[in-house]
Structure formats: structure tokens, C-alpha cells
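The next block holds one structure in the form of C-alpha cells; read it before the comments.
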Amino acid sequence: MSTDSKAKPGTPASPTEATSLKDRGNLFEIATKQVEKAMKLINLEPNIAEILAQPKNEIIINFPVRMDDGSIKMFKGYRVQHNNVLGPYKGGIRYHHEANLDEMKALAAWMTYKGALHEVPFGGGKGGVKVDPRAHSKAELERITRRFTSALGNNIGPEWDIPAPDVGTNSQTMVWMMDTYVNIVGQNERNSGRGVVTGKSIAAGGSYGRSEATGAGVVHCITEWARDRNFNLDGCHVIIQGFGNVGSFTARLLSKLGAVVIGVGDAGGYLANSEGINPHKLGEHVGRTGSVAGYKGASKITRDEFFALEADVFVPAALELELGVKEARALKAKVVVEGANGPTFPEAEEILLGKGTDVIPDILCNSGGVIVSYYEWLQNKRSEQWEHEDVLDRLEKRMVHTYAQVRHYAAAKKCDWRTASYAIGLERLRTCYNERGIFP
Ligand code: NAD
């Protein structure tokens with residue numbers, strides 16, 4: 001197996017502020033273990049399990065980019081295509097200085113199961129560049145993105161593999177990718193080629209509702225959870241780790257429901273205010289400075305203090321493997337709602353479930369992005385522009401529908417919600433493989 005991960009075996013299941021991603025454990029092995037539990041539950045045929053155990057394609061590209069000072073720097077880019085039996089590969093592009101192949105493989109696999117769970121006709125993919133986007137000018141980021149896209153060539157395409165924004169990338173990154181792609185494929189595909197990426201700006205062919213989609217999906221799950229538990233969200237206390245796309249929209253939408261954000265944190269530090277933090281003002285501060293650090297409307301706290309805050313709801317919306325054993329023990333929340341992909345160590349999840357904390361898993365609750373990406377892709381195919389309300393209504397219906405399916409499945413099979421979510425997705429993949437068979 002090709003891998004560039006340097007994960008240390010036996011690493012304790014808890015990160016610290018200083019623990020780098022590669023020292024937290026092998027994300028692909030963790031993802032595999034999670035899925036295997038569900039495979040066992042549904043007695044999945046070994047041949048299908050074997051197909052799903054590895055990605056179909058693992059692409060690594062080393063490419064040169066000219067820096068603003070005229071020097072040339074080499075970058076490493078990834079695109080992992082896990083499975084496409086249900087539709088074109090689909091998944092984000094991440095710009096992070098610790099991006100690595102095993103992380104991409106895990107994130108790509110999660111996309112396969114997310115699409116299958118929500119009946120979105122996409123497969124799973126993920127990619128990115130090993131780069132700290134904060135260390136580069138806008139012009140350098142544009143050249144990195146365009147060179148990476150041209151190096152990917154026809155490994156991406158609207159009917160083959162469709163990237164989207166993820167950590168460290170945004171609608172501008174997607175517009176550069178799209179523009180580069182349509183300029184390489186030829187003039188008769190300039191219009192249809194726009195569907196090569198989703199998460200674009202509206203002017204460049206994006207969908208209304210895409211920017212807030214993941215946060216909106218997270219909030220629909222919280223609303224459904226509160227209804228199930230007879231819990232009043234009005235006035236409840238929320239803490240959110242990560243204040244980028246997912247974390248900031250989750251905070252804004254939750255505050256509309258009367259929930260009070262009492263703690264936030266990001267790569268720059270952690271803050272608390274028991275009276276509530278205004279997510280709009282904090283968002284403006286982050287827009288100006290790039291971090292929650294230094295925001296005047298809350299006090300600085302440590303990471304340990306953040307996890308011990310008296311909150312009802314915790315939304316991890318930063319990176320993977322942030323919620324370890326120590327954090328799980330400290331958490332007082334009644335529910336953990338995984339806005340981020342893979343934020344929880346398996347050992348930490350056991351502790352949470354053991355003490356009665358509900359865990360709404362990533363592939364169920366952070367799927368708003370891929371669902372509205374599907375709507376964007378459809379709009380591009382049909383040369384349509386749907387109304388904002390229409391997109392958000394469709395998203396809500398689909399989130400509520402899938403949430404109810406997982407609730408029902410978990411109760412019927414007496415399993416945790418993560419296993420139930422994978423199992424539902426796996427059943428759909430199984431049906432498809434059994435009906436289509438293996439060529440030739
Ligand atoms: P983003 O780049 O907009 O924001 C990431 C946030 O995480 C930032 O606030 C950053 O400071 C914080 N962060 C980074 N390292 C951290 C650390 N060590 N400790 C604390 N905070 C840290 O990214 P995003 O798009 O909001 O994605 C966040 C998570 O949600 C990721 O796991 C991503 O895969 C997942 N996700 C995103 C989408 C989407 O539509 N953007 C969809 C589904 C899942």
C-alpha cells in the first residue's frame with residue numbers, strides 16, 4: 001500500500017494543542033474500523049467489503065509554482081477517488097500544511113458513505129494540496145490552484161470527479177479550478193464544464209444556499225435531536241470548535257433559534273463568554289484577522305477549559321481527531337454534533353455514549369454541503385438558477401428524512417448512530433453491486 005503517513009502506532013487517543021495531525025493516528029485505519037463494524041452488522045458479502053476497503057485511485061502530483069519573488073516552489077497535491085458505483089466521485093479540496101494520503105483516503109471513503117446514506121447520486125473522493133494557505137498571497141494561491149488543476153487534467157470532470165471547497169479553500173478556489181478546467185477542455189465544453197466543481201460563486205455558476213449549506217444541515221440535525229429529546233434550544237448553551245465555513249454558519253443559524261454560543265475556538269485559540277458571543281460580530285472579526293483570537297467580546301481561555309465549559313451542545317467544526325479520551329471525559333454536553341469530518345476518536349465515542357451523551361455522526365449531519373453541491377451540479381447541467389428558499393427547503397426535507405431513517409434504523413438494530421448511518425449507506429452500495437455485478 002502506498003502511503004506517506006508517519007502515524008505513530010500506540011499514540012494515545014487524545015490530541016493536545018501541539019499534537020500534529022500525523023501524530024494523532026492513521027485516519028484511514030480509524031475510518032476502516034468504523035465501517036467494518038457496520039459491515040459486520042449487515043453481514044456484507046466479503047467481495048463487496050474488499051472492493052470498498054481501498055480507494056479505486058490514489059493520485060499524487062508534485063508540481064512547480066512560481067512564487068511572487070520569482071522563485072519556484074514544489075507542491076504536493078492529492079486526489080483520492082474512493083468509489084463511483086453510485087455516481088461520479090465527489091468531495092472537497094483541502095489546503096493544509098499537514099495534508100497527507102491516509103487523511104485523503106479516509107475523507108474520500110466517508111464521502112462514498114455520505115452520498116449513499118443521503119441517496120445523493122455521487123461517489124466519494126477527496127483531494128488537496130500540502131500547503132498552508134495563510135503563508136501565501138492571493139496571486140500565489142491562484143497559481144497553485146491553477147497549476148494543480150491543470151496537472152489533474154481529465155482526472156476530474158463533471159461526469160467523472162467533482163471537487164468542492166473544504167478546509168483552507170473557498171468559492172474563489174473553486175472558481176479558479178473551474179476556469180482553468182474549462183480553458184483546457186475545449187470551447188464546446190465551456191458551459192457544461194462549469195459543473196466540474198461545486199461551491200462556486202453565484203456569478204460563476206454556483207447555487208444559492210451552498211455557502212451556508214453544511215451549517216444549515218448541522219442545525220437541522222440539532223433541531224431534530226431537540227424535538228426527539230424534548231429539549232428547548234431557546235437559551236441553551238453551545239460550544240463550537242472551528243469558526244470557518246461550517247462553524248460560523250452553524251453559530252449564526254443556531255443563534256437565530258435562540259441558542260447561546262458561550263465558547264468558540266480555532267487554530268488561533270479559544271474564547272468564552274457565559275453571556276453569549278455574537279456570531280455575526282465574531283464572524284466580522286475572523287473575516288478581518290483570520291482567527292477568533294483577539295476578539296474583544298469574550299475572554300481568552302485554554303483548550304482544556306473550552307472542553308470543560310457548561311454547554312448543552314458541542315459542535316466540532318475544525319479538523320479530524322480533535323475529540324479524544326481526555327476531551328470526552330471533560331465534556332458536559334448532552335449531544336456532540338459532528339460538523340467536522342472524523343473529529344472523534346473511537347475510544348472517545350465509547351466514553352461519550354457510556355455517559356449518555358448523544359453523538360450525531362459526521363456522515364449524517366455534515367452532509368448539507370454535498371446535498372446542495374448536488375443541487376448546484378443539477379442546476380449547471382440544466383442551465384438553471386434555483387431560488388434560495390427553494391434550495392434551503394429541499395435541503396431541510398432531505399436532512400430531516402435521512403435523520404429519521406437513521407433514528408429508526410439505530411432503534412431497530414440497537415446500534416449507535418454512526419454504525420446505523422454506515423449500515424444504511426452500505427445496504428445501498430450492496431444492492432447496487434449485487435444488481436450490476438462485476439465486469440466482465
Ligand atoms: P475552514 O477552513 O473554513 O475552517 C476550519 C476551521 O478550523 C478554522 O476556524 C480553523 O482555524 C480551525 N482549525 C484548524 N486547525 C485547528 C486546530 N488545530 N484547533 C482548532 N481549530 C482549528 O473549513 P470548513 O470548510 O469549515 O471545514 C471544517 C470541517 O468541516 C472539516 O472537517 C471539513 O472536512 C468539514 N466539512 C466541511 C464542509 C464544507 O462544506 N465546507 C462540508 C462537510 C464537512
Below 23 Å, Cα to Cα, which lysines can Lys40 reach? Residues fewer than 8 away in the same chain don't count. Lys56, Lys105, Lys114, Lys413, Lys414
Checking segment 310-390 for trypsin sites (Lys or Arg not before Pro) in a loop per DSSP with at most 13 other beta-carbon atoms within 10 Å yields Lys355
Full-extension gain in nm, Phe231 to Asn188, via 0.36 nm per residue minus C-alpha separation: 10.0 nm
With +1 assigned to the C-beta of every Lys and Arg and -1 to the C-beta of every Asp and Glu, and no other charges, what is the dipole magnitude of the chain about the Cα centre in debye, to the nearest 20? 440 debye
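Can you give the helix-only mean residue ellipticity at 222 nm for the chain, where every DSSP H stretch with n ≥ 4 adds -39500 (n - 2.57) and the sum goes over all residues, rounded to the nearest 500 deg cm²/dmol? Before the final figure, lay out the partial values.
Values: 15 runs with 195 residues, N = 440.
Theoretical 222 nm ellipticity from helices: -14000 deg cm²/dmol.
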Can you give me the C-alpha center-to-center distance between segment 23-48 and segment 263-310, rounded to a whole angstrom? 36 Å
Got the relative contact order for the chain handy, in percent, Cα pairs under 8 Å and 6 or more residues apart? 16 percent
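Just to be sure I understand: of the beta bridges DSSP finds with both ends in segment 54-189, what percent are antiparallel, rounded to 5? It would help to have the intermediate numbers written out before the result.
On the way: 17 of 26 bridges.
The antiparallel fraction comes to roughly 65 percent.
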Need one value: the accessible area of Arg252 in square angstrom, 1.4 angstrom probe, rounded to the nearest 10. 60 Å²
For the chain, just list the percent of Cα-Cα distances falling in each 20 Å bin from zero outward, please. 27, 61, 12, 0
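Rounded to the nearest percent, how much of the accessible area of the chain (1.4 Å probe, protein heavy atoms only) is carbon and sulfur? Walk me through the numbers on the way to the answer.
On the way: 9300 of 18170 Å².
On the chain, the fraction of accessible area on carbon and sulfur atoms equals 51 percent.
Just check segment 132-229 against the gyration tensor rule for me: Cα atoms, a ≥ b ≥ c as the square roots of the eigenvalues, rounded for a/c under 1.5, and otherwise prolate or oblate depending on whether a/b exceeds b/c. Each step should come with its number before you reach the end.
Numbers: a/c = 2.65, a/b = 1.70, b/c = 1.56.
Here segment 132-229 falls in the prolate category.
Keeping all protein chains in place, calculate the accessible area per residue for segment 36-120 (probe 1.4 angstrom), answer in Å². Write down the numbers at each step before the final one.
Numbers: 3100 Å² over 85 residues.
Result: 36 Å² of accessible area for each residue.
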With both partners inside the chain, how many of the DSSP beta bridges are antiparallel, as a percent to the nearest 5? 50 percent
Anisotropy class of segment 271-376 from Cα gyration tensor, a/c 1.5 cut: oblate
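Given a Förster distance of 56 angstrom, what is the FRET efficiency for Lys56 paired with Glu389, based on the Cβ-Cβ distance and rounded to 0.05? Walk me through the intermediate numbers first.
Working: r = 38 Å, r/R0 = 0.68.
Between Lys56 and Glu389 the formula returns 0.90.
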Proximal lysines to Lys355, defined as alpha-carbon separation beneath 16 angstrom and excluding residues fewer than eight positions away on the same chain: Lys326, Lys332, Lys334
Hey, which lysines would be in cross-link range of Lys138, C-alpha to C-alpha under 19 Å, not counting anything within fewer than 8 residues on its own chain? Lys73, Lys76, Lys130, Lys200
Taking amide H positions as placed 1.01 Å from N in the peptide plane, with prolines and chain starts having none, which residues 5 or more places from Arg94, or on another chain, fall under 5 Å of its amide H? Gly127, Gly128, Val129
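Pairs of alpha-carbon atoms within less than 8 angstrom and 6+ residues apart define the contacts here; what relative contact order does segment 54-189 have, in percent?
Numbers: 274 pairs, mean separation 37.3, N = 136.
Here the relative contact order equals 27 percent.
The values are calculated or read from the model by the stated rules, or taken from the named source; none is laboratory data. Fair warning: this is a prediction, and the values are worked out from it, not measured in the lab. Note: ideal-geometry Cβ built from the backbone for every residue, glycine included; neighbour counts use all protein chains shown. Heavy atoms of the whole protein, side chains included, go into the accessibility calculation; ligands, DNA and RNA do not. Shrake-Rupley method; radii C 1.70, N 1.55, O 1.52, S 1.80 Å.
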